[in-house]
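Every read-out reported here was derived from the displayed coordinates using simple, explicitly stated rules and does not represent laboratory data. The model shown is predicted, which means the values in this text are computed figures rather than measured ones. Note that we place each Cβ from the backbone using ideal geometry, even for glycine, and neighbour counts take in every protein chain shown.
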Amino acid sequence: MTTETTQSKTERSIEEVFNPASDAYCQNPMPQCRALAERGPMVFYPPWQAWVMTDIGDIMDCWRREYLSSDFYDWEFAPQKPNEDDWGNFEKALIGHSLVADHSHHRLIRKVVSPAFSRNVVDEIQRRIEPDIDKLLASLGEPASFDYIKQVAEHIPFITITRMIGIPEKYWDEIKPLIENFTETWNPTISEERREEVRQQCNHAIDLIKLVIAERRTSPEQDDFLSTMLELEAANPDFTEWDIITLILALIGAGADTTLMAQQWSVYALVKNPDQRDAALATPESFSNAFTEILRWSMNSKMGFARYAPEDMEVLGQQVTKGQLVLLMPHLDKMDPERFPNPEVLDVSRNFDPDILFGYGPRYCIGAAMAKRQLYLTITKLFERFPNLTLAEEPVRDNSNHNSICLKELRLQTNIG
């Protein structure tokens, strides 16, 4: 018997039992996630120079009390925060306003903008993007098979974000790089050269957003997110144009990369488990619950939610120094049979109480309902057009994304005729 097989998990280094960059994790994350969670509620992971918070109760408490910072510039390895006199568009949005605002301003912004995410507004957004979804699916024709990721999913984030916000089509080509790359600006794993490249893309795109806002002020009634924001600005003196810009960036950040992952894994799950399809897509409300189960079952997450220690402090019995990265990783227990009986089975009726897929407490994603609705619309339309979809082949998993396991392609058989 080899030394490797006789060593206990606790004797092996944390890098040996948990490595999201490994092929083993890509194929089946469950054993490694459970091994990491078993190390304790607060585990230091040297490859990321970060602490990992593993217990869902502790994570919810952290979200609720906000004792860790969400400001990227509080990270010990962040570039030097520029003086306010030197701020460009990117810094004004990322530092000065609601993406990383102080807690009181963040709560004010949430209160002010909550009407922009009401059920009526979500219904209107669905109406606006539905013709684009129909057009995209119609462009497929009647193929024997097609790659859902390349031919559908990769187009959805751009369509939904631009239509939802109300960005005129004449600006789409210029703003597309921002939508595709914005989330890289706070990715702790990229090079400084790449971060600066994306920062400059952001500066240009924010100029375009400011131009769109200026144009919209002359014709504000267009039933979209931007029109609603301008109404709120007029009624609330503490809500400024920069808050509007930052909320648009927040929608882009939350809706681009995340939407692409959600699209591919949702379609894969429902094609792989056709017995769950009708229940999942019965109503927008049933899909909301089904989506949480789909992402639990897919186990595609790798890193989690980034927070930073604002000072030297003790967190869950560990001494955390100022600036250290703390990753909240609620996905680690998604295959725990004590919490989720028969965890390997996709069950869209499974109960989640609370449902923390989009966060919890003051930082719960305010656009969650909107995100789930565009996903529900796209997938419903897909199965209406191709009701007999099956997998043409089992997709190959791709581990190149720093935050999620992807599928290299998702080739579907239409079985038409």
Taking the number of other C-beta atoms within 10 Å as the exposure measure, put 148, 67, 268 in order starting with the fewest.
67, 268, 148
Read-out log10 I(q)/I(0) by the Debye sum over Cα atoms at q = 0.11, 0.12, 0.13, 0.14 Å⁻¹, candidates (1) -0.88, -1.02, -1.16, -1.28; (2) -0.89, -1.07, -1.26, -1.45; (3) -0.79, -0.96, -1.16, -1.38; calculated match is (2)
Cβ neighbours within 10 Å, averaged per peptide: list 211-218, 70-77 in order, most packed at the top.
70-77, 211-218
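Give, rounded to the nearest 20 debye, the magnitude of the charge dipole that region 266-368 has about its Cα centre when Lys and Arg contribute +1 at Cβ and Asp and Glu contribute -1 at Cβ.
Values: 10 positive and 14 negative charges, 73 e Å.
Roughly 360 debye, rounded to the nearest 20.
So what is the calculated 222 nm ellipticity per residue for the chain, using -39500 (n - 2.57) for each DSSP H run with n of 4 or more, over all residues, to the nearest 500 deg cm²/dmol?
Working: 18 runs with 196 residues, N = 417.
Rounded to the nearest 500, it is -14000 deg cm²/dmol.
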In which sequence would 315, 152 go, from the one with the fewest C-beta neighbours within 10 Å to the one with the most?
315, 152
Past the 26 Å Cα-Cα mark, which pairs from 272/381; 135/302; 81/170; 176/272; 81/111; 92/302?
135/302; 81/170; 176/272; 81/111; 92/302
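Taking Cα pairs under 8 Å and at least six residues apart, what relative contact order does region 3-413 come out at, in percent?
Working: 523 pairs, mean separation 108.3, N = 411.
Once divided by the residue count of region 3-413, the mean separation gives 26 percent.
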Hey, rough spin-label estimate for residue 408 and residue 84, points 7 angstrom out along Cα→Cβ, what's it come to in nanometres?
5.2 nm
Neighbour cut-off at most 15 other Cβ (10 Å), DSSP loop, GluC sites (Glu not before Pro), region 300-370:
311, 338, 344
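Contact order normalised by length for region 26-157, with contacts defined as Cα pairs under 8 Å and 6 or more residues apart; what percent is it?
Working: 45 pairs, mean separation 11.3, N = 132.
Once normalised by length, the contact order is 9 percent.
What is the dipole size for region 3-413, taken about its Cα centre, with +1 at each Lys and Arg Cβ and -1 at each Asp and Glu Cβ, in debye to the nearest 20? Mind showing how you got there, number by number?
Working: 42 positive and 65 negative charges, 140 e Å.
For this selection, approximately 680 debye.
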Assertion target for 335, 329, ordered by fewest C-beta neighbours within 10 angstrom first, is 335, 329
How high is the FRET efficiency between residue 384 and residue 272 when r is their beta carbon distance and R₀ equals 22 Å, given to the nearest 0.05?
0.70
Computed ³J(HN,Hα) along region 32-42: with the Karplus parameters 6.51/-1.76/1.60, θ = phi - 60°, integer Hz and x for glycine or proline, the list is 6, 5, 5, 5, 5, 4, 5, 6, x, x, 9
